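A.B. asks: This is the structure I want to talk about, given as structure tokens.
The values are calculated or read from the model by the stated rules, or taken from the named source; none is laboratory data. Keep in mind the model is a prediction, meaning the values are calculated, not measured. Counting neighbours? That spans all protein chains shown, and the Cβs are built from the backbone with ideal geometry, glycine included.
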Amino acid sequence: MTQAVNIRVLFFGAARDAVEANELELAVEEPATVQSAFQSLKTRFSTLERFGRSLLFAVNQEYATQDTQLKENDELAVFPPVSGGSSCDYRCPQDFFELTTEVIDVGAVARRVVLPECGATVTLDGYAREWTKGKRTLYLVYEAYDAMALTEMERLGAEAHKQFEIAHIGIVHRTGRIDIGETSAVISVSAPHRHAAFQACEWAIKELKRTVPIWKKEIFEGGESWVEDPRLST
């Protein structure tokens with residue numbers, strides 16, 4: 001008799017909209033893989049076909065491939081493109097990586113990485129803009145795969161320490177509704193010299209958009225849409 005592996009499936013961003021569900025339980029025949037689980041999901045939800053091969057997967061909050069094996073009670077996440085991800089083993093105890101639904105105090109975040117041995121702090125304040133490609137945006141909604149997003153932020157911070165001569169890095173990203181002009185993300189980097197702080201801050205925002213599972217929906221006059229290309233995010 002064929003046995004089945006029972007898993008929990010989470011959906012994010014446009015993938016969640018396509019299946020009209022945040023999560024569900026799924027039984028996958030052994031040997032169970034991400035590929036066989038996703039095939040079962042496509043049979044159940046034909047709306048997933050429109051994504052082609054662009055959807056990404058994570059198993060137990062780690063990026064996974066189609067060949068990744070699934071075990072009993074595993075958590076499979078299905079989400080739109082957030083490519084990349086790298087493993088690092090360095091973690092500065094003064095660094096911080098946070099998600100919040102509250103209004104972000106940019107100045108307070110910046111001061112958290114100011115230390116006596118540093119000569120410069122560079123802070124990026126990403127906020128919601130009103131106009132994008134001729135469309136007037138009313139507000140934004142950010143959604144995150146919380147646990148994995150925090151893990152990826154920590155990896156990003158560790159890699160920043162390896163690549164640049166910095167002292168500390170902090171990242172705070174807001175989720176939920178963001179009104180025009182409100183801050184969605186702050187990255188603050190301190191370093192003995194300003195050049196390294198500038199370099200690391202610019203690198204960090206690019207990597208955050210590329211690897212951290214956070215998605216943005218734009219609500220504009222006449223409709224709404226997910227911004228599925230991370231490079232277009234605020």
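A.B. asks: Quick one: is V227 assigned by TED's automatic domain parsing to the domain that holds I166 and at pLDDT 90 or above?
C.D. replies: Values: assigned by TED's automatic domain parsing to the domain that holds I166: yes; at pLDDT 90 or above: no.
Considered against the rule, which asks whether it is assigned by TED's automatic domain parsing to the domain that holds I166 and at pLDDT 90 or above, V227 comes out as no.
A.B. asks: Kindly provide the set of residues from region 210-220 that are in contact with a helix residue (DSSP H, G or I) (Cβ under 7 Å, 6 or more places away or on another chain), crowded, with 20+ Cβ neighbours inside 10 Å and not hydrophobic (A, V, I, L, M, F, W, C), ordered by number.
C.D. replies: Here is the first cut: in region 210-220, the ones in contact with a helix residue (DSSP H, G or I) (Cβ under 7 Å, 6 or more places away or on another chain) are 210-215.
Next, from what is left, pick out any that are crowded, with 20+ Cβ neighbours inside 10 Å: 211-215.
Within region 210-220, T211, P213 qualify.
A.B. asks: Another one. Please find, within region 1-40, the residue that is farthest from the chain's Cα centre (by Cα) out of those that are exposed (fewer than 13 other Cβ atoms within 10 Å of the Cβ) and closer than 30 Å to L140 by Cβ.
C.D. replies: E20
A.B. asks: Need a quick list: strands (runs of 3 or more DSSP E) entirely within region 117-234 having at least 3 residues that are in contact with a Pro (Cβ under 8 Å, 6 or more places away or on another chain) and in contact (Cβ under 8 Å) with a residue 60 or more places away in the chain.
C.D. replies: Values: elements: 120-127, 135-144, 168-174, 176-179, 183-191, 214-220, 223-227.
Output list is empty.
Yes or no, residue by residue, for (1) within 19 Å of Y145 (Cβ to Cβ); (2) modelled with pLDDT under 95; (3) part of a strand (DSSP E or B):
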| residue | (1), (2), (3) |
| --- | --- |
| A15 | yes, yes, no |
| A18 | yes, yes, no |
| A21 | yes, yes, no |
| T47 | no, yes, no |
| R50 | no, yes, no |
| S54 | yes, yes, no |
| F57 | yes, yes, yes |
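A.B. asks: Checking T43 against (1) surrounded by fewer than 19 Cβ atoms within 10 Å (Cβ to Cβ); (2) in a helix (DSSP H, G or I); (3) touching a residue at least 24 places away in the same chain (Cβ under 8 Å), which single condition isn't satisfied?
C.D. replies: Of everything listed in (1) surrounded by fewer than 19 Cβ atoms within 10 Å (Cβ to Cβ); (2) in a helix (DSSP H, G or I); (3) touching a residue at least 24 places away in the same chain (Cβ under 8 Å), T43 misses just condition (3).
A.B. asks: Can you find, within region 179-203, the residue that is surrounded by the most Cβ atoms within 10 Å (Cβ to Cβ) among those that are within 19 Å of the chain's Cα centre (by Cα) and farther than 16 Å from V109 by Cβ?
C.D. replies: Looking at the filtered set, the residue picked out is W203.
A.B. asks: Just to be sure I understand the filter: pairs with C-beta atoms under 6 Å, separated by 6 or more residues or on different chains, first member in region 52-76 and in contact (Cβ under 8 Å) with a residue 12 or more places away in the chain, second member among the aromatic types (F, W, Y). Which pairs pass?
C.D. replies: Going by the 6 Å Cβ cut-off, the qualifying pairs are L56/F79; A64/F57.
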